[in-house]
Amino acid sequence: MFAVCLTAQWAAWVAALAAPLHRRSAWRLAAVIAGILLAHGRRTASSWWRAAGIGSRFRSYYYFLDSVGRKTTAVAAVVFALLRGPRDVPGGRLLLALDDTPTKRYGPEVQGAGIHHNPTPGPAGSKFLYGHSWVVLSRIAHHDHHGTIGLPALGRLYIRDKDLPTLPEAIDWEFRTKPQLAAEMITWAGTLATGSAKRPWVVVDGAYANREFLKPAKRAGFVVVARLRRDAELYDLPPERKPGERRGPGRPPTYGKNRLSLAKRAGQTRGWQTIEVRTTTGRVVTKRVKSFLATWHPAGGVVRVVIVKETDGSWRAFLCTDPEASVEEIVQATLDRWAIEQNFHDLKEVEAIEQVQLRRVWSNVGAFNLNLWVHTLVELWGWGRPVAEVSDRSESPWDDAERRPSRADRRKALQREMLEEEFQRCWGRWLLPQKIRHLLDRVLRLEA
C-alpha cells in the first residue's frame, strides 16, 4: 500500500523520539506520526493507519501504542531537550505551564474513564462529562510575530480513586491527585532544566495553589506563579529584629500574626499603579495593579501578592513565591498561561484528540502523548518559516491577511510539503511540466 514518507527534518526528530523505545518496535513510530499528520475526517487510530498505509499489520500498531504509553516520560525528555534554545520568554527565562483538561470517551469498556468536571459546557450546559482527565506540562515561548505559543511536552492521566477498581488486576495503577501528578511532573522537569542563567518559572491555575504542589516545585528550583482564592488566609510579615536586640528562645517567626484581607486591599483606592503587558497575540495592554508582600502557610513563607483590577471593576489576585519578582513579570506570566488553554483548544478542535477511541489505558496514554508531541513538533517546524509560506490567504479575500497563522494553517502547510516531496520523489529527477505543476498545486491546496 502506498504511504507518504516524512521529510528529512521530521525523520531526524522521529529517530530521536524513537531512541528510548524498544528496538523491536521503535521503527513503527515513523509510520504512526506520519498517519497522525496526514489523517483526515474522524481522527480515530484507524484513520492514522489508513493515512500511513499500514494495511493488514494494524494489530501490532495498536499494541505499539501500549509500549509508547509506558515510555512517555523517557520520550518526553527528548521532546523537552528539543525545546531548549532561544525560544524563551523575554529575559531568557524558562517558563512552564501546568493545567488539566478532560477528553470525552464513549463506551463502558474504556479503561480509566470516569465522570469529570466539564470546563466547557457549551449550549447543552452539561456540568460533567464521561472520559479521561489529563494533567499537561507545556513550555511557554514567545514568537516575534506569532505571539505566545504553548509547546506541550508531557501528559499524565488522572484516574479517580473510585474508578481504580474497574481497571484489570494486571494494571498496577497507584492513585494520585492532580496536584500530586503536577508535582511529579515539575520535579521531573527540574532535573532537565539545569544550566539556565535564571531560575525557571512555572505558572498554574488556582487549583494547584496548595502545599501538594507549591513545596515540591520550590524544592525543584522553580518560581511558582498561581492564582489566589479571594478568601486566602494571608498574614503580614513577621516583625523584624532591631539591631542589638537579643534573640529570644526558639526559631525566629516565619509568619506574621495579623490576618490580611484581599477584599479590603482591592477596595482601597490608594496604592494602585499602571503597567503595560502583552497578550498572547502580542498586543500591548495596560493593567491596574497593586502589589504587597505577605506570608502564606501553603507556600511556606513570604510571597508577593499582586491584585489586578479589570476594566469592568472586578479584580483577581495572584501570588509569586519569589518576593523579589517584579509586578510586570508576574502579570505577564499570568497572561502567558493562556497559551496552554489555546493548546487544549487546538488539540481538541484541530487535532481531534477526543476522537481517538481506544479501550486499553496505556494505549490511551500513548495516543494522547503522541498527539502532544506532534503538536509541539509542528510548532517547531513552522517556527522560523515566513508567514507567507505557512499561511497563504490569497484565495480567501474575506479573511484578514494580517492575522497570525493558526494551528490549522501550520498543519496544512506541513501536509502540503510532505505530499509535494513524495510526489517529486516518485516523479524522479526530471523537472515537472508547467501544466502538471499547476495541477499539483491545485490538488495539494484542495487536499491540504
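The values are calculated or read from the model by the stated rules, or taken from the named source; none is laboratory data. Every value quoted in this text rests on a predicted model; they were computed, and no experiment measured them. With ideal geometry, Cβ positions are generated from the backbone for all residues, glycine too; neighbour counts draw on all protein chains shown. When the accessible area is computed, the model is the full protein with side chains, heavy atoms only, and any ligands, DNA or RNA have been set aside. Shrake-Rupley method; radii C 1.70, N 1.55, O 1.52, S 1.80 Å.
Some observations on this one:
- At R0 = 41 Å, FRET efficiency that the Cβ-Cβ distance of Thr269 and Ala124 yields, to 0.05: 0.45
- Helix 361-381 and the long axis of the chain differ in direction by around 90°, with both axes built from C-alpha atoms.
- The phi-based Karplus calculation (6.51 cos²θ - 1.76 cosθ + 1.60; θ = phi - 60°) puts the 3J(HN,Hα) values of the stretch 33-46 at 5, 4, x, 5, 6, 9, 5, 10, x, 6, 8, 7, 4, 5 Hz, whole numbers, x for Gly and Pro.
- Listed values for the stretch 302-308 are Karplus-derived 3J(HN,Hα) couplings in whole Hz (6.51 cos²θ - 1.76 cosθ + 1.60, θ = phi - 60°), namely 7, 9, 9, 9, 10, 9, 10, and x replaces Gly and Pro.
- Accessible-area composition of the chain, carbon plus sulfur, in percent [1.4 Å probe]: 52 percent
- Relative contact order [Cα under 8 Å, 6+ residues apart], the chain, whole percent: 18 percent
- Nearby lysines by direct alpha-carbon distance to Lys309 (threshold 26 angstrom, same-chain neighbours under 8 apart not counted): Lys264, Lys287, Lys290
- Placing unit charges on the Cβ atoms of the charged side chains and taking the dipole of the chain about its Cα centre, the candidate lying farthest along the positive direction among Phe58, Leu137, Pro405 is Leu137.
- Calculated over the chain, the projected area of the Cα convex hull averaged across directions stands at 27.7 nm².
- Acute angle (nearest 10 degrees) that the helix 58-70 long axis makes with the longest principal axis of the chain, alpha-carbon atoms: 20 degrees
- Listed peptides 10-16, 65-71 appear in the order 65-71, 10-16 once ranked by packing, highest mean of other Cβ atoms within 10 Å at the front.
- Given in Å, the Rg to one decimal and the Dmax to the nearest whole number for the Cα atoms of the stretch 319-434 are 19.7, 66.
- For Lys162, the lysines whose Cα comes closer than 28 Å to its Cα, not counting residues fewer than 8 places off in the same chain, are Lys71, Lys104, Lys127, Lys178, Lys215, Lys348.
- Protection proxy ranking for 252-264, 94-106, using the average of other Cβ atoms within 10 Å per residue and placing the highest first: 94-106, 252-264.
- 0 to 90° range, to nearest 10: angle between helix 327-336 axis and the chain longest Cα axis: 30 degrees
- The Cα atoms of the stretch 217-342 cover 55, 37, 27 Å along the three principal axes, with the biggest extent listed first.
- Cα-based Kirkwood hydrodynamic radius, the stretch 11-80, one decimal, Å: 12.4 Å
- Scoring 179-186, 278-285 by mean Cβ neighbours within 10 Å over their residues and listing the highest first yields 179-186, 278-285.
- Here the simple spin-label model places points 7 Å from the Cα toward Cβ, and for Val387 and His22 these points are separated by 4.9 nm.
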